[in-house]
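Scroll down for the structure; my scribbles are underneath it.
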There are 2 protein chains.
Amino acid sequence: MSHIDDVKDYLVALQNRICAGLEQLDGKAQFARDAWERPGGGGGESRIMTDGGVFEQAGVSFSHVFGDQMPASATKTRPELAGKHFQAVGVSLVLHPHNPYIPTTHANLRFFTAGERRPVWWFGGGFDLTPYYPFHEDVLHWHETARAACEPFGAELYPRYKEWCDKYFYLKHRDETRGVGGLFFDDVNTQGFDKSFAFLQSVGDSFLRGYRPIVEKRIAHPFGDRQRNFQLYRRGRYVEFNLLYDRGTLFGLQSGGRTESILMSLPPQVRWTYNWHPEPGSAEETLYRDYLRPRDWLGELNGWQSLSSPYGNVQRLETRYEAPCPGLKKLRSAKPRGSWRRCTLR
Amino acid sequence: MSHIDDVKDYLVALQNRICAGLEQLDGKAQFARDAWERPGGGGGESRIMTDGGVFEQAGVSFSHVFGDQMPASATKTRPELAGKHFQAVGVSLVLHPHNPYIPTTHANLRFFTAGERRPVWWFGGGFDLTPYYPFHEDVLHWHETARAACEPFGAELYPRYKEWCDKYFYLKHRDETRGVGGLFFDDVNTQGFDKSFAFLQSVGDSFLRGYRPIVEKRIAHPFGDRQRNFQLYRRGRYVEFNLLYDRGTLFGLQSGGRTESILMSLPPQVRWTYNWHPEPGSAEETLYRDYLRPRDWLGELNGWQSLSSPYGNVQRLETRYEAPCPGLKKLRSAKPRGSWRRCTLR
């Protein structure tokens with residue numbers, strides 16, 4: 001079996017697992033399935049849940065596309081591959097919950113191979129979290145999960161892919177990050193196929209581990225029109241990002257991909273309000289002030305953390321947030337020029 | 001007084017006239033004014049009306065920006081001007097009515113000048129109409145008005161700019177036009193300044209003449225949730241166009257323009273629904289089938305029309321739509337390869 005079959009099997013199984021997990025979490029709606037074929041070669045299956053108990057809209061897509069002419073825009077960093085035979089498999093999801101206290105989230109996992117003799121291949125993907133009314137402990141849990149997924153493959157990966165995520169999910173015209181980030185990576189192949197694939201699986205497997213506990217904690221949080229309207233307004237930023245910046249969206253649309261599967265990421269209801277600004281001191285201002293900029297979430301804790309901390313652990317850490325860290329020694333930064341750091345108890 | 005001052009005076013007065021006309025039409029809300037300065041040079045005034053009697057949101061912006069470094073993206077067809085001193089004045093408007101039977105509309109009028117000794121200058125602009133539940137007579141009136149605005153400057157202008165409009169306001173990923181079009185032009189200067197400016201004024205002056213009668217006719221048309229939801233859904237296409245394709249929007253955002261003034265064009269409320277299709281035989285399907293593709297609206301009438309027809313005239317013409325045109329002689333086409341044609345009674 002070729003490499004791509006292994007990856008495809010994993011991704012198809014992951015789509016099933018994630019959809020099953022989300023249905024369980026939702027408790028009301030189920031995913032509808034939409035299989036499609038791509039005229040140029042390949043196809044996929046989009047799964048969509050609407051009007052659920054938790055999710056206003058949830059889309060989880062699998063696709064496997066191939067062709068004889070690798071589009072130039074897919075190989076920005078590898079112009080020599082343009083025009084060659086290529087295959088791409090991927091899973092992509094965007095979840096839009098009803099409750100504004102539950103964050104929107106996105107994940108993507110993809111594998112590319114180009115050329116037929118000695119093909120070039122690489123993995124890409126990641127996940128990010130977009131809260132409306134953030135809870136600091138949720139953000140810490142999310143990043144703990146991201147770091148734990150990366151850790152077995154090198155301590156430098158989390159800070160590198162966390163920073164890449166902050167840079168990628170950035171709305172320049174708003175000077176805001178899309179949310180609180182997570183992981184973003186591309187061109188992953190330097191550790192060889194087996195280890196790179198294991199890394200992809202580690203990230204894929206950790207998605208529900210990161211997101212589910214946050215949903216479970218916030219699912220019953222009461223909200224009213226104010227929170228709903230703020231959610232609808234902030235969803236506008238999601239639309240702006242996806243249509244103005246997102247490479248996957250733009251590439252998909254420009255290359256004749258299936259429009260409905262690509263734009264499944266757009267929220268079901270959205271508002272734009274001219275020149276809206278949060279009231280000083282409001283919960284909405286907290287989002288802008290404290291969460292829509294790159295932050296070293298885990299490093300700021302200034303305390304030792306279990307890399308595989310269960311969610312409960314993060315809560316305990318939360319109580320120590322910004323407290324001094326007695327008897328601590330700063331460890332060498334995994335990323336020398338960055339602000340990310342980790343320290344440990346003596 | 002320099003050329004740009006003349007144009008600026010006209011555009012400022014036009015903004016005032018259009019806002020006054022829209023307030024009168026709305027009957028309830030008034031425009032709020034937001035003056036702003038551009039750090040790089042210049043500024044503008046955005047006027048916005050929200051929650052009006054007719055308009056859910058109406059934005060009419062004036063701007064006058066200048067600088068020493070003409071952005072390369074502003075001069076696609078004139079690379080030799082990149083980096084030169086430039087000035088640009090413009091009025092831009094987008095109107096989003098409450099009632100789904102009233103079309104959304106957009107207009108833009110702009111003047112560019114680049115270089116200091118023997119500056120190069122040109123006009124650009126146009127207007128287009130985006131109905132949800134179109135009335136054929138409204139579309140005819142709109143295009144009659146567009147043609148009448150162009151007519152004094154050459155019979156070839158309307159078909160040329162009408163076709164350009166169809167091509168410009170086209171959503172490739174949907175294979176749909178944004179609406180029923182109108183006029184779109186750029187690089188207008190071949191007839192000399194006075195005549196080119198007069199053309200711009202003719203287009204600017206005709207905007208309310210085209211739009212107001214349509215609003216007045218549809219203002220009391222009853223609608224329910226079905227029509228409202230379809231309007232919100234179709235507004236998604238407006239967002240898609242503006243963020244994916246619109247040169248003005250993308251250039252404005254990329255060049256550090258005032259985000260809120262640029263994105264004032266986005267509708268206040270929008271829906272996306274996965275893989276939605278209109279029911280066969282429904283009013284919604286009529287829009288897709290008959291209106292979201294380039295059509296030779298006036299040529300199809302196959303009958304003589306007064307170029308300066310009052311609105312009532314169009315209604316009478318409507319009754320003759322697709323009827324044979326006895327005793328007619330086809331005139332030479334103003335645009336030889338096109339499908340546009342005009343015929344006259346013997």
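The values are calculated or read from the model by the stated rules, or taken from the named source; none is laboratory data. Values in this document were obtained by computation on a predicted structure and should not be read as measured data. Note: ideal-geometry Cβ built from the backbone for every residue, glycine included; neighbour counts use all protein chains shown. Please note that ligands, DNA and RNA were not included when accessible areas were found on the heavy atoms of the full protein model with its side chains. Shrake-Rupley method; radii C 1.70, N 1.55, O 1.52, S 1.80 Å.
Does B:GLY41 satisfy being farther than 24 Å from B:PRO213 by Cα and either open to solvent by less than 50 Å² (accessible area, probe 1.4 Å) or hydroxyl-bearing (Ser, Thr, Tyr) (or both)? Judged against the criteria, B:GLY41 is a match. Regarding A:LEU183, is this residue modelled with pLDDT of 95 or more, in a strand (DSSP E or B) and either within 14 Å of chain B (Cβ to nearest Cβ) or open to solvent by less than 30 Å² (accessible area, probe 1.4 Å) (or both)? When the stated conditions are applied, A:LEU183 passes them.
Test A:THR113 against the criterion of being over 18 Å from A:GLY21 (Cβ atoms) and among the hydroxyl-bearing types (Ser, Thr, Tyr), and give yes or no. When the stated conditions are applied, A:THR113 passes them. Scanning the range B:238-248 turns up one or more residues that are within 22 Å of B:GLY43 (Cβ to Cβ) and either among the polar types (S, T, N, Q) or in a helix (DSSP H, G or I) (or both).
Listed by first and then second residue, the pairs with beta-carbon distance under 7 Å, at least 6 apart or on different chains, first residue in the range B:177-202 and closer than 14 Å to B:TRP164 by Cβ and of a type in the set (Gly, Ala, Ser), second in a helix (DSSP H, G or I) and at pLDDT 95 or above, are B:GLY181/B:LYS162; B:GLY181/B:CYS165; B:GLY181/B:ASP166; B:GLY182/B:TRP142; B:GLY182/B:ALA146; B:GLY182/B:CYS165.
With respect to A:THR77, is the statement that it is surrounded by fewer than 23 Cβ atoms within 10 Å (Cβ to Cβ) and touching a Pro at 6+ places or on another chain (Cβ under 7 Å) true? Considered against the rule, which asks whether it is surrounded by fewer than 23 Cβ atoms within 10 Å (Cβ to Cβ) and touching a Pro at 6+ places or on another chain (Cβ under 7 Å), A:THR77 comes out as no.
Identify, please: which residue in the range A:157-173 is within 14 Å of chain B (Cβ to nearest Cβ) and open to solvent by less than 40 Å² (accessible area, probe 1.4 Å) and is, among those, farthest from A:LEU109 (Cα to Cα)? Per the stated criteria, the residue is A:HIS173.
Annotation: of all residues in the range B:210-231 being of a type in the set (Lys, Arg) and surrounded by fewer than 17 Cβ atoms within 10 Å (Cβ to Cβ), the one that is farthest from B:TYR133 (Cα to Cα) is B:ARG212. Residue-level check: of (1) under 30 Å from A:TYR132 (Cβ atoms); (2) touching a residue at least 24 places away in the same chain (Cβ under 8 Å), A:ASP51 misses just (2). Can you run down the residue pairs with Cβ atoms below 6 Å, 6 or more apart or on separate chains, where the first is in the range B:143-160 and touching a residue at least 60 places away in the same chain (Cβ under 8 Å) and under 15 Å from B:TRP297 (Cα atoms) and the partner is of a type in the set (Gly, Ala, Ser) and crowded, with 24+ Cβ neighbours inside 10 Å? Once the first residue is touching a residue at least 60 places away in the same chain (Cβ under 8 Å) and under 15 Å from B:TRP297 (Cα atoms) and sits in the range B:143-160, its partners that are of a type in the set (Gly, Ala, Ser) and crowded, with 24+ Cβ neighbours inside 10 Å give B:THR145/B:GLY210; B:ALA146/B:GLY182.
Checking each residue in the range A:19-40 for being closer than 27 Å to A:LEU253 by Cα and either of a type in the set (Lys, Arg) or within 13 Å of chain B (Cβ to nearest Cβ) (or both) picks out A:PHE31, A:ALA32, A:ARG33, A:ASP34, A:ALA35, A:TRP36, A:ARG38. Set side by side, the residues A:GLY43, A:GLY52, A:GLY59 differ, and just one is within 14 Å of chain B (Cβ to nearest Cβ) and part of a strand (DSSP E or B), which is A:GLY59.
Being open to solvent by 50 Å² or more (accessible area, probe 1.4 Å) and either modelled with pLDDT of 95 or more or in contact with a Ser or Thr (Cβ under 9 Å, 6 or more places away or on another chain) (or both) holds for only one residue in A:ARG247, A:ARG234, and it is A:ARG247.
When residues in the range B:250-266 are screened for being in contact with a strand residue (DSSP E or B) (Cβ under 6 Å, 6 or more places away or on another chain) and either more than 7 Å from every other protein chain (Cβ to nearest Cβ) or open to solvent by 50 Å² or more (accessible area, probe 1.4 Å) (or both), 3 of them pass.
For B:ALA148, all conditions in the list (1) within 19 Å of the chain's Cα centre (by Cα); (2) part of a loop (DSSP other than H, G, I, E, B) hold save one; what is the number of the exception? Condition not satisfied by B:ALA148: (2).
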